[in-house]
1. With (1) over 26 Å from Asp65 (Cα atoms); (2) in contact with a Ser or Thr (Cβ under 9 Å, 6 or more places away or on another chain) as the list, and Ala196 as the residue in question, which single condition is left unmet?
2. Taking the options Ala178, Ala157, name whichever one is open to solvent by less than 10 Å² (accessible area, probe 1.4 Å), in contact with a Phe, Trp or Tyr (Cβ under 7 Å, 6 or more places away or on another chain) and either at pLDDT 85 or above or in a helix (DSSP H, G or I) (or both).
3. Looking for something farther than 30 Å from Ser319 by Cβ and in contact with a Cys (Cβ under 9 Å, 6 or more places away or on another chain) - is there at least one such residue anywhere in the range 42-53?
4. Any idea which of Leu96, Leu146 is open to solvent by 20 Å² or more (accessible area, probe 1.4 Å), in contact with a strand residue (DSSP E or B) (Cβ under 9 Å, 6 or more places away or on another chain) and in a helix (DSSP H, G or I)?
5. Quick one: how many residues across the range 60-78 are without any contact (Cβ under 8 Å) to a residue 60 or more places away in the chain and loosely packed, with under 12 Cβ neighbours inside 10 Å?
6. Do you know which of the residues in the range 12-32 that are of a type outside the set (A, V, I, L, M, F, W, C) and modelled with pLDDT of 90 or more is most open to solvent (accessible area, probe 1.4 Å)?
7. Of the conditions (1) touching a residue at least 24 places away in the same chain (Cβ under 8 Å); (2) among the aliphatic types (A, V, I, L, M); (3) in contact with a Phe, Trp or Tyr (Cβ under 6 Å, 6 or more places away or on another chain), Ala137 satisfies every one except a single condition; which number is it?
8. Output the number of the condition that Ala52 fails; it satisfies all remaining conditions of (1) open to solvent by less than 30 Å² (accessible area, probe 1.4 Å); (2) modelled with pLDDT under 90; (3) not hydroxyl-bearing (Ser, Thr, Tyr).
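The values are calculated or read from the model by the stated rules, or taken from the named source; none is laboratory data. What you are looking at is a predicted structure, and each value in this text was computed from that prediction instead of being measured. Glycine gets a Cβ as well: all are built from the backbone with ideal geometry, and neighbour counts include every protein chain shown. For the accessible areas, the whole protein counts, side chains as well, though only heavy atoms, and no ligand, DNA or RNA atoms are used. Shrake-Rupley method; radii C 1.70, N 1.55, O 1.52, S 1.80 Å.
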Amino acid sequence: MREYLLTLCITAAVTYLLTGPVRKFAIVAGAMPEIRARDVHREPTPRLGGIAMFFGLCAGLLVADHLANLNQVFEKSNEPRALLSGAALIWLIGVLDDKFEIDALIKLGAQMIAAGVMVMQGLTILWLPIPGVGTVALTQWQGTLLTVALVVITINAVNFVDGLDGLAAGMVCIASAAFFMYAYRIWYSYGIEAAAPATLFAAVLMGMCVGFLPHNMHPARIFMGDSGSMLIGLVLAAGAISITGQVDPDNLFGGSERSAVHQMVPVYIPLLMPLTIIAIPAADLILAIVRRTWRGQSPFAADRGHLHHRLLEIGHSHSRAVLIMYFWSALIAFGALAYSVNSASMWIVLGVVGLSAVGLVLLLLPRFTPRAPRWAEAFVPPRYRRRRAAPAPGTEGAGSAEDAASAEAADDEPRAPVPVGVSGGPGVPGVNGATALGARSRVPRG
């Protein structure tokens, strides 16, 4: 465990320290596009955060290769090298897309090629644990197609959910934490060495997200871009493929194959756990495809109908929408993890149901905005205060009440995005500082 934690900390430190210089490089390189209609941020923000995350991945794998126990992962398995090869290819395509806006079909082809590169080096699904049947071996073509499909779905699911500051990195960090605990339990408690690569991948992925999040939380100073979202999606998929299709329970315990599967963990958990960690992004991906196809649009056409956009439309603030998505991701991932540990406990089911009810209340909270009592109004945000009647014209304080009403109305109205280098009017200088360069920006106008 100490070596896994050291790898996680090194990955997080390298990612965190490199994100600042990468941000400056992105601004100079002009990887800071104009705000689009579907964007929710108000100022142009540099991308290319995936550069820092990729070098954090490399640093984590390099450190793990020189540790006494984790070195065995590299000697006994080719999966870390397969991951690094596929990650390098998908990261390079993502960097080019952040700068030049590559066509969606080209990115889809690159994702398939990256998955194929990993398959060629041994990171593929060899068999599947099926409930009531046991382990079902797959042919080479079946394993390859299933591996490529899982990689492409995971990459695009994470890419689709990357729409709010800190959302994708936080959700993937939560999912990888649950996945790390699941994989570590299989590796340590049952002595299954084949689960060690997946445990390492989850630790490195957590470090990448933890190191990037301080720069990406609202208001974000840099976005990970496709170079980051596709990268962490691929690493997440690689861990799922490794733990699902590489661990053979038939050779672990005595007895029949079916009893061996049931003795290790509930048979359906190795199949469902990789799906639960991307449940929210995958649901968003499926809904987006159905919605766009129903409207006669391309499935790759961007819009403002994602789950995080719907939360903003309901009335949640940016930060609260992100926290709600975190809550549901943690509930699904850690609920599945707890069920894999003790599937016979009714308390786990009741706990998940109870927390789901809490999540629904939080989800619908803007529909039932509470009003604080008079004595507590000084301690709560303005939206929870009772509205006071405006004084009669000519009386003292009328001007302040009207100003407050107009200010409140102005806060409720959406603000128009501020273009790069354009002055915002009297007293509002051109955008600069954390998110732009003002008049020196190389982003084309119009």
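1. Failing condition for Ala196: (1).
2. Only one candidate passes the filter, namely Ala178.
3. Checked the range 42-53: no residue is farther than 30 Å from Ser319 by Cβ and in contact with a Cys (Cβ under 9 Å, 6 or more places away or on another chain).
4. Leu146
5. 2
6. Here the answer is Lys24.
7. That leaves (1) as the condition not met.
8. Status for Ala52: all satisfied but (2).
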